[in-house]
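In what follows, a single structure is set out as structure tokens and then discussed.
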Amino acid sequence: MPLPGTTTSPAVMETINIVSKGDEFDLDVAATATIEELKEAIDAKMGVDPSDQQLYFLGFPLAEPEMQITDFLEMSKTFNLVLPEEDDDKSFLFGRSPRGIASDKEMFLITGGRLNFTSILLRANSEEWIKLKSNRFGVVQDIEGETSGSRIFQVRIYEVKEKGSISLRTVDGTNKVFLVPEGGEEKSLTPVDTKKYDESMNASKKLGPLDHAKKILPFLNTLAKLISAGCNVADTHAAFQN
């Protein structure tokens, strides 16, 4: 309780964008909320226990429940939510998307432009309905290394103008992306552009999720420009390196 003669200022609220399977909704939470409190707000909206939620920020897992979201909000107000298999039916809260995407292993799919960029964790051996924000999307493939801070990510960008589902799978040891048109034959897709990100270039010390996000944000902004505007990698590579 406040001391006599004093008043308590109301908490500053922020509107947080929650993305799950490419669909999204907004939550109003205190700017000083912790990850656990954000999960509790999601629970109130969706009825999914916080222990069953996996939250990511710019592709990095948020595993520390007492971490505040304040510093993250300076970079983005979008958080990615992954639900367990049994909560798939909660998707009615977002609305079904028209395109099914299946992957034979866990990987990140990237959609949107610089101002509405989202990364979506695809679960292995499952088909999910995802609302792509344009005809272009990126797939994080060929991750070299297993230790956080020393991995190299290869991102391939694809463009699909036809209706149909997307299949991501390994063929003869190589990651491939296919379009499966409705009532038609499967087509192999060729990347329209590629991009690499080397974590070790910025890993002089062990980084937490917030530090990782600050390091990778310039790369993601560049990648979002490629997806939304069709820029050439050569045109933006120098800016990213700086």
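The values are calculated or read from the model by the stated rules, or taken from the named source; none is laboratory data. Remember, predicted model here, so these are calculated numbers, not experimental data. A quick note on method: Cβ atoms are made from the backbone with ideal geometry, for glycine too, and the neighbour counts reach across all protein chains shown. Surface areas here come from the heavy atoms of the whole protein model, side chains and all, with no ligands, DNA or RNA. Shrake-Rupley method; radii C 1.70, N 1.55, O 1.52, S 1.80 Å.
Can you tally the net charge around residue 169? Count Lys and Arg as +1, Asp and Glu as -1, for every other residue whose Cβ sits under 13 Å from the Cβ of residue 169.
Here the count lands on -3.
Within the accessible area of the range 9-60, what % is carbon and sulfur when the probe is 1.4 Å and the other protein chains stay in place? Walk me through the numbers before you get to the answer.
On the way: 990 of 2200 Å².
That fraction is 45 percent.
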Pseudo-spin-label distance residue 73 to residue 12, built 7 Å along Cα→Cβ, given in nm, is 0.7 nm
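Taking all protein chains together and a probe of 1.4 Å, list 71, 172, 193 from the most accessible to the least accessible.
Numbers: 71 70, 172 150, 193 30 Å².
If we order 71, 172, 193 from most to least accessible, we get 172, 71, 193.
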For residue 31 and residue 124, extending 7 Å from Cα along the Cα-Cβ vector and measuring point to point gives, in nm, a value of 4.2 nm
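Within 10 Å, count the other beta carbons around each residue, average over each peptide in 54-63, 41-50, 181-190, and list them highest first. Walk me through the numbers before you get to the answer.
On the way: 54-63: 18.4, 41-50: 15.8, 181-190: 10.6.
Ranked by mean Cβ neighbours within 10 Å, highest first: 54-63, 41-50, 181-190.
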